[in-house]
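Notes follow the structure.
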Amino acid sequence: MRIVLVGPPGAGKGTQAAFLAKNLSIPHISTGDLFRANISQGTPLGVQAKSYMDDGQLVPDEVTIGMAKDRMEQPDAEGGFLLDGFPRNLSQAEALDEILKADGQQLDAVLDLEVPEDEVVKRIAGRRICRKDGSHVFHATYSPPQTEGVCDTCGGELYQRADDSEETVRTRLEVYHRETEPIIDHYRAQGLVVTISALGSVTDVTGRAMDALKKPAQD
Ligand code: AMP
């Protein structure tokens, strides 16, 4: 399957993507994770991306589209993939359409995670992420680790993302409404969108998502 996951920052895209990719046996491709890996390795791409990320703005398409395309062309993604955080604006969505068309492929579904805005801010403010594996995500109040600052799963150090500060979250939400939401209509016109509520436990949301992916798009 070829799936795109969309939703505002804090909707739990990364967490859900990790579970869904595992359930569906497809790679989880997160452009945010790819940028963060480039930043920690000090690559030129990471240097280019960092200032945009720190400000909560989108990294320019020239950089992002090429990076996503390279990743989608890796052998493990031949049979499908789950895209998390890409595309994030209309021109990236159009570029993705072209990339897939050139290979005679198409998306199977666009899963839209819905979450109220006040919940988003609460979720992000308490979010703590493992340095060793970004899919290990905790929350200071909702799902605290057993030992503060330490990942329950692998013992890695937990940290708060620089772009999870309240001010940057506000910018990221504005960017989401302005740049990313329009891609939902773009995909709705292709009959691909399935919308589910992202409220409730992680397992509940994964169950809802798996059920939704089995059904044809509703709108
Ligand atoms: P995420 O981990 O998906 O929340 O992404 C973190 C940050 O990485 C975003 O706020 C952007 O600065 C950057 N980023 C991730 N994916 C993209 C994308 N598709 N286009 C532009 N910037 C992106």
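Quick check: anything in the stretch 96-110 within 16 Å of His186 (Cβ to Cβ) and near the ligand (Cβ under 9 Å from one of its atoms)?
Looking for residues that are within 16 Å of His186 (Cβ to Cβ) and near the ligand (Cβ under 9 Å from one of its atoms), one finds none in the stretch 96-110, hence no.
Looking at (1) under 18 Å from Gly14 (Cβ atoms); (2) free of Cβ contacts under 8 Å to residues at least 12 places away in the same chain, find the lone condition where Glu148 falls short.
Among (1) under 18 Å from Gly14 (Cβ atoms); (2) free of Cβ contacts under 8 Å to residues at least 12 places away in the same chain, Glu148 violates only (1).
Check Asp152, Asp163 and return the single one that is in contact with a Ser or Thr (Cβ under 9 Å, 6 or more places away or on another chain) and surrounded by 14 or more Cβ atoms within 10 Å (Cβ to Cβ).
Only one candidate qualifies: Asp163.
Is it the case that Leu90 is within 15 Å of the ligand (Cβ to nearest atom), in contact with a helix residue (DSSP H, G or I) (Cβ under 8 Å, 6 or more places away or on another chain), open to solvent by 60 Å² or more (accessible area, probe 1.4 Å) and modelled with pLDDT of 95 or more?
Values: within 15 Å of the ligand (Cβ to nearest atom): yes; in contact with a helix residue (DSSP H, G or I) (Cβ under 8 Å, 6 or more places away or on another chain): yes; open to solvent by 60 Å² or more (accessible area, probe 1.4 Å): yes; modelled with pLDDT of 95 or more: yes.
In short, yes.
A quick yes/no check of all residues on (1) away from the ligand (no atom under 11 Å from the Cβ); (2) among the aromatic types (Phe, Trp, Tyr); (3) touching a residue at least 40 places away in the same chain (Cβ under 8 Å):
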{"residue": "Pro27", "(1), (2), (3)": "yes, no, yes"}
{"residue": "Leu34", "(1), (2), (3)": "no, no, no"}
{"residue": "Gln41", "(1), (2), (3)": "yes, no, no"}
{"residue": "Gly56", "(1), (2), (3)": "no, no, yes"}
{"residue": "Val63", "(1), (2), (3)": "no, no, no"}
{"residue": "Phe81", "(1), (2), (3)": "yes, yes, yes"}
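For residues in the stretch 1-30 being within 11 Å of Leu82 (Cα to Cα) and hydroxyl-bearing (Ser, Thr, Tyr), which is least open to solvent (accessible area, probe 1.4 Å)?
Top of the filtered list is Ser30.
Of all residues in the stretch 58-86, which are modelled with pLDDT under 95 and touching a Ser or Thr at 6+ places or on another chain (Cβ under 9 Å)?
Within the stretch 58-86, just Gly79 meets the criteria.
Is there a residue in the stretch 138-157 that is under 28 Å from Leu96 (Cα atoms) and not in a helix (DSSP H, G or I)?
No, the stretch 138-157 has no match at all.
Taking the conditions exactly as written (of a type outside the set (A, V, I, L, M) and either free of Cβ contacts under 8 Å to residues at least 12 places away in the same chain or surrounded by fewer than 14 Cβ atoms within 10 Å (Cβ to Cβ) (or both)), does Gln74 satisfy them or not?
So Gln74 fits the description; yes.
Just need a number here: residues in the stretch 173-219 that are part of a helix (DSSP H, G or I), of a type outside the set (Asp, Glu), open to solvent by 30 Å² or more (accessible area, probe 1.4 Å) and under 15 Å from Gly10 (Cα atoms).
Looking only at that region, the number is 2.
The values are calculated or read from the model by the stated rules, or taken from the named source; none is laboratory data. Fair warning: this is a prediction, and the values are worked out from it, not measured in the lab. Here the Cβ is made from the backbone with ideal geometry for all residues, glycine too, and neighbour counts use every protein chain on show. With ligands, DNA and RNA removed, areas are computed over all heavy atoms of the protein, side chains included. Shrake-Rupley method; radii C 1.70, N 1.55, O 1.52, S 1.80 Å.
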